[in-house]
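K.L.:
What follows is a structure written as C-alpha cells; I'll ask about it next.
Rule-based calculations on the coordinates, nothing more; no lab input. Owing to the predicted nature of the structure, the values given are computational and were not obtained by experimental measurement. Positions of Cβ are backbone-derived with ideal geometry, glycine not excepted, and every protein chain shown enters the neighbour counts.
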Amino acid sequence: MEDIRLGFVGIVVEERLRAEDVNRILSRFGGIIRGRMGIPDPDTGLAVISLIVEGTNDQIGAMTGRLGNLSGVTVKSAT
C-alpha cells in the first residue's frame, strides 16, 4: 500500500473562464482536500487557490496533472 502524504498545492487561475473547470476537478478530488483558501484579484483578473491535501502520490499527482493540463492554469505542489 502506498504511503499517505500531507502536502500543499498552489493554483493560479489566469483565465477566469477556467474557474468552472478548476472547481469541477477539485470537487472530483474532494476526498483528499483537507483545506482550501481562494483569493481572487479583481484588479488583475487572477485568482490564487491554496490547498492542503492528504493522499497518495498517485492521487495528488492525478489531481495536479488534470489541473495543470488546463490552459490558463498554473499548478505547483509539495509533499
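One line per residue, one yes/no per condition, for (1) closer than 20 Å to Gly61 by Cα; (2) free of Cβ contacts under 8 Å to residues at least 24 places away in the same chain; (3) in contact with a helix residue (DSSP H, G or I) (Cβ under 8 Å, 6 or more places away or on another chain):
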{"position": "Arg5", "(1), (2), (3)": "yes, no, yes"}
{"position": "Phe8", "(1), (2), (3)": "yes, no, no"}
{"position": "Ile11", "(1), (2), (3)": "yes, no, yes"}
{"position": "Leu17", "(1), (2), (3)": "no, no, no"}
{"position": "Phe29", "(1), (2), (3)": "yes, no, yes"}
{"position": "Gly38", "(1), (2), (3)": "no, yes, no"}
{"position": "Pro42", "(1), (2), (3)": "no, yes, no"}
{"position": "Ala47", "(1), (2), (3)": "no, no, yes"}
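Let's see how each residue does on (1) loosely packed, with under 14 Cβ neighbours inside 10 Å; (2) of a type outside the set (A, V, I, L, M); (3) farther than 16 Å from Gly72 by Cα; (4) over 13 Å from the mean Cα position of the chain (by Cα):
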site	(1), (2), (3), (4)
Glu15	no, yes, no, yes
Arg18	no, yes, no, no
Gly38	no, yes, yes, no
Asp43	yes, yes, yes, yes
Val48	no, no, no, no
Ile60	no, no, yes, no
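K.L.:
May I pose another question? Mind checking which strands (runs of 3 or more DSSP E) fall wholly inside segment 20-79 and carry at least 3 residues that are among the charged types (D, E, K, R)?
P.N.:
Ranges flagged: 33-41.
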